[in-house]
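The values are calculated or read from the model by the stated rules, or taken from the named source; none is laboratory data. Source: prediction; values computed, not measured. Neighbour counts run over all protein chains shown; Cβ positions are idealised from the backbone, glycine included.
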Amino acid sequence: MRRFIVRHDWPGLGMMGDMLRSMAGTLNDLSGTGPVAEQGWAPRVDVLNAETEVVVKADVPGVKKEDLQVTATETELTISGESKEELDEKKDQYHRVERRWGRFSRTIDLPAEVKPAEVKAKLDNGILEVHLPKLEPPAPASHSVTVE
């Protein structure tokens, strides 16, 4: 079977990078090979570009609050952490193992500049919701020009 490599650190590609990562992740999921063993996993995200803020929702099932790290710059949001393996091989032999576990990191290019110091994040039922207030755009500078 063919394995697709998924890089999670393609800077500057924005939505195109997110789309390529999503397509490669889907192909890996369908092939059954996935990036789990080689590269960990990355949460799937929704990014909403609202009027006054950017809202990012990430699926992080089984990840505890204390195992999550969220960092923001004016242009990027990084979500990283770890979900622990819960297999108990002493009781049964598993026929199939599809649940993802291990370390992960995902950096998302934001659609607008934000205020990193005012970012708020909440974890509820395996969904991480991050609210990033937008920077106010500077007023357009105008300069009067004398016609000679």
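Residues of region 97-120 being exposed (fewer than 14 other Cβ atoms within 10 Å of the Cβ), at pLDDT 95 or above and not in a helix (DSSP H, G or I), which ones?
Lys120
Can you tell me which residue within region 121-144, out of those that are assigned to a loop (DSSP other than H, G, I, E, B) and modelled with pLDDT of 90 or more, is farthest from Ile108 (Cα to Cα)?
Asn125
Looking at region 50-66 only, could you name the residues that are of a type outside the set (Val, Ile, Thr) and over 15 Å from the mean Cα position of the chain (by Cα)?
Ala50, Glu51, Glu53, Gly62, Lys64, Lys65, Glu66
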